[in-house]
1. Answer yes or no: is there a residue in the stretch 54-65 that is polar (S, T, N, Q) and open to solvent by 70 Å² or more (accessible area, probe 1.4 Å).
2. Could you grab the pairs with beta carbons closer than 9 Å, sequence gap of 6+ or different chains, first residue in the stretch 50-70 and more than 14 Å from residue 14 (Cβ to Cβ), second one open to solvent by 40 Å² or more (accessible area, probe 1.4 Å) and in a loop (DSSP other than H, G, I, E, B)?
3. Starting from residues that are open to solvent by less than 70 Å² (accessible area, probe 1.4 Å) and either in a strand (DSSP E or B) or polar (S, T, N, Q) (or both), keep the ones in the stretch 33-49 and report whichever is nearest to residue 67 (Cα to Cα).
4. Quick one: residue 62 ticks every box in (1) part of a loop (DSSP other than H, G, I, E, B); (2) in contact with a His (Cβ under 6 Å, 6 or more places away or on another chain) bar one, so which box is it?
Amino acid sequence: NTRFEIVHSESLAIDEIYIYNRAGELMFYSIDNAEAWDGTYRGLYCSQGAYVYVIYYHDVGSLSKAEKVGTIVVMY
């Protein structure tokens with residue numbers, strides 16, 4: 001059982017996590033740093049392929065906000 005988890009840092013705090021399929025449909029959303037995506041959508045495993053993630057976070061010390069966009073690949 002593999003999960004897409006965010007590496008935690010004391011200097012950064014995650015605000016929101018979004019994961020989309022190729023059609024732009026939202027597969028996963030969370031505002032909880034500890035919650036991880038397990039590759040499912042509505043209780044079923046997602047199709048193999050590339051998914052886009054968008055992570056909004058901020059620096060704890062300065063409160064400056066940023067985003068990180070990338071892809072992950074689901075394979076079984």
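The values are calculated or read from the model by the stated rules, or taken from the named source; none is laboratory data. Here the structure is a predicted model, which means the values were calculated and not measured. Reconstructed Cβ throughout: ideal geometry from the backbone, glycine too, with neighbour counts over all protein chains shown. Only protein heavy atoms, including side chains, enter the accessible area calculation; ligands, DNA and RNA are left aside. Shrake-Rupley method; radii C 1.70, N 1.55, O 1.52, S 1.80 Å.
1. The answer is yes; a qualifying residue exists.
2. Note: pairs meeting the criteria are 50/22; 51/22; 52/22; 52/24; 61/11.
3. Among them, the one singled out is 33.
4. Going through (1) part of a loop (DSSP other than H, G, I, E, B); (2) in contact with a His (Cβ under 6 Å, 6 or more places away or on another chain) one by one, residue 62 breaks only (2).
The rows are residues; the columns are (1) at pLDDT 85 or above; (2) closer than 27 Å to residue 60 by Cβ; (3) exposed (fewer than 13 other Cβ atoms within 10 Å of the Cβ).
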{"residue": "1", "(1), (2), (3)": "no, no, yes"}
{"residue": "7", "(1), (2), (3)": "no, yes, yes"}
{"residue": "11", "(1), (2), (3)": "no, yes, yes"}
{"residue": "23", "(1), (2), (3)": "yes, no, yes"}
{"residue": "27", "(1), (2), (3)": "yes, no, no"}
{"residue": "31", "(1), (2), (3)": "yes, yes, yes"}
